[in-house]
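Undergrad: The structure is given below, and queries will be raised subsequently.
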Amino acid sequence: MAEKRDYYEVLGIPKGASSDEIKKAYRKLALKYHPDYNPGNKEAEEKFKEINEANEVLSDPEKKARYDQFGFAGVDPNYGAGQGGAGGFGGGFGGVDLGDLFGDIFGGGFGFGSSSRANPNAPRKGGDVRVGVNLTFMEAVHGCKKNITLNRKEACKECGGTGAAKGTTPEVCPDCGGRGVVTVQQRTPFGVMQSQRPCTRCGGKGKFVRNPCTHCHGTGRINVKKTLEVNIPAGVSEDTSIALRGQGDAGLNGGPNGDVIVICSVKADPMFERDGYDVWVTVPITYSQAVMGAEVVVPTVDGKVEYTVPEGTQSGATFRLRGKGIQYLGGRGKGDQYVRVTVEIPKKLNKTQREALKKFEESLKEENYEQRKSFFKNLKDKFGK
Ligand SMILES: [Zn+2]
Ligand SMILES: [Zn+2]
């Protein structure tokens, strides 16, 4: 049996990913590897099982916590008991329905079922409106309030959403008598065949507007430019989406409104580099600071801190400041900050400085340089002398 892959790796997300990120990653992969799309593909089937197993654990806060702490052993009592790890999950995927995956994505699932086509008068959820928002690194880290401007369809106030001019109401469609469908008769060699098709005059609604509302041209909805204030929570990153429920297009036939989906875009920062919820900072130090150790000022996302670089620090050495990283999106706790120190070499020295450095260099012995010592030993072993 192949080695089990880490669940976060399976879903392609960092440890500490939010439940939203887990959900998103799972759906994307589940759709890609769903057996219905990959008939007879054994590899896709295995992948699909793996994805579902990872999701089963990571989407359940309790199981996730056990997994984070104890690994596979925390969520599957059979793990490591000699019979492979799949036992605890049954390994099946019969319960994952394509419709569920799509339904979740498109909110409400219409368009896949036949209900909306069969009955155009059925309540329908309004469309989602997507808006991008640009954030600085710090705004994404700490959260902020942002105004976004968008266009959405609202119910026409003039006609109350009916599409009929003020003072009139939609009438029963004369072509179909309000049934929305018309019966067509066709003569065939086998006799007269009857079939039904949607009424074209009313579009299957059974209702017909004689005098359309001038405000919305009979559609019942109008485009409105709207500015909304959004609370961007701390910890968002590139492509995080925030849903503002019910703020999208107005629903149809009494259906619920769609959502506004705000998609974050984060500008790169000249000082901080982000890796999941961890932050990387490079601090240049001098040669003598590296040699003798020093107190240096290190920027963190929450302000400056002092850090003691130990004596004999090598260029490129990395230190970790635990819990000084970014606040987890929608959760407690923070990532870490990594401080990478580089030794900056002066590009030019004056005569006195050169003399002093030369004198200092001459005072050093082979023992002062560990790496050089082993380097020259290896060189000698290879090439002699
Ligand atoms: Zn109107
Ligand atoms: Zn009709």
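The values are calculated or read from the model by the stated rules, or taken from the named source; none is laboratory data. Note that this is a predicted model, so its numbers are computed, not measured. Note that each Cβ is placed from the backbone with ideal geometry, even for glycine, and that neighbours are counted across all protein chains shown.
Undergrad: So the check is Cβ under 8 Å with 6+ separation or different chains; which pairs have a first residue in the stretch 134-161 that's within 29 Å of Tyr277 (Cβ to Cβ) and a second one that's of a type in the set (Gly, Ala, Ser) and surrounded by 16 or more Cβ atoms within 10 Å (Cβ to Cβ)?
TA: Ala140/Gly235; Ala140/Ser237; Val141/Ala234; Val141/Gly235; His142/Ala234; Gly143/Ala234; Gly143/Gly235
Undergrad: Then there is this: Please identify the pairs in which a residue from the stretch 221-237 that is within 12 Å of Val260 (Cβ to Cβ) has its Cβ atom under 9 Å from the Cβ atom of a residue that is in a strand (DSSP E or B) and among the hydroxyl-bearing types (Ser, Thr, Tyr), counting only partners at least 6 apart or on another chain.
TA: Close Cβ pairs (under 9 Å, with a partner that is in a strand (DSSP E or B) and among the hydroxyl-bearing types (Ser, Thr, Tyr)) amount to Lys226/Thr149; Thr227/Thr149; Leu228/Thr149.
Undergrad: Which residue out of Glu21, Glu62 is within 22 Å of Arg332 (Cα to Cα), at pLDDT 80 or above, surrounded by fewer than 18 Cβ atoms within 10 Å (Cβ to Cβ) and under 26 Å from the mean Cα position of the chain (by Cα)?
TA: Among Glu21, Glu62, only Glu62 is within 22 Å of Arg332 (Cα to Cα), at pLDDT 80 or above, surrounded by fewer than 18 Cβ atoms within 10 Å (Cβ to Cβ) and under 26 Å from the mean Cα position of the chain (by Cα).
Undergrad: Can you pull out every residue in the stretch 313-334 that is among the small types (Gly, Ala, Ser), surrounded by 16 or more Cβ atoms within 10 Å (Cβ to Cβ) and more than 26 Å from Asp239 (Cα to Cα)?
TA: Matches in the stretch 313-334: Ala317 only.
Undergrad: Report, by residue number, each residue of the stretch 176-201 that is assigned to a loop (DSSP other than H, G, I, E, B) and either more than 19 Å from Pro120 (Cβ to Cβ) or more than 13 Å from ligand 2 (Cβ to nearest atom) (or both). Walk me through it before giving the result.
TA: Looking only at the stretch 176-201, we keep the residues that are assigned to a loop (DSSP other than H, G, I, E, B), and these are 176-180, 189-190, 199-201.
Scanning the stretch 176-201 gives Pro189, Phe190.
Undergrad: Select from the stretch 266-312 the residues that are polar (S, T, N, Q) and touching a strand residue (DSSP E or B) at 6+ places or on another chain (Cβ under 6 Å) and write down the one among them that is surrounded by the fewest Cβ atoms within 10 Å (Cβ to Cβ).
TA: The extreme case among them is Thr308.
Undergrad: Is there any pair with a first residue in the stretch 205-220 that is touching a residue at least 12 places away in the same chain (Cβ under 8 Å) and away from ligand 2 (no atom under 16 Å from the Cβ) and a second that is part of a loop (DSSP other than H, G, I, E, B) and among the charged types (D, E, K, R) whose Cβ atoms are under 6 Å apart and which are 6 or more apart or on different chains, and what are they?
TA: Going by the 6 Å Cβ cut-off, the qualifying pairs are Cys213/Glu158; His215/Glu158.
Undergrad: Something else: Residue check: is Ile242 free of Cβ contacts under 8 Å to residues at least 24 places away in the same chain and under 25 Å from the mean Cα position of the chain (by Cα)?
TA: Yes; evaluated as a whole, the condition is true for this residue.
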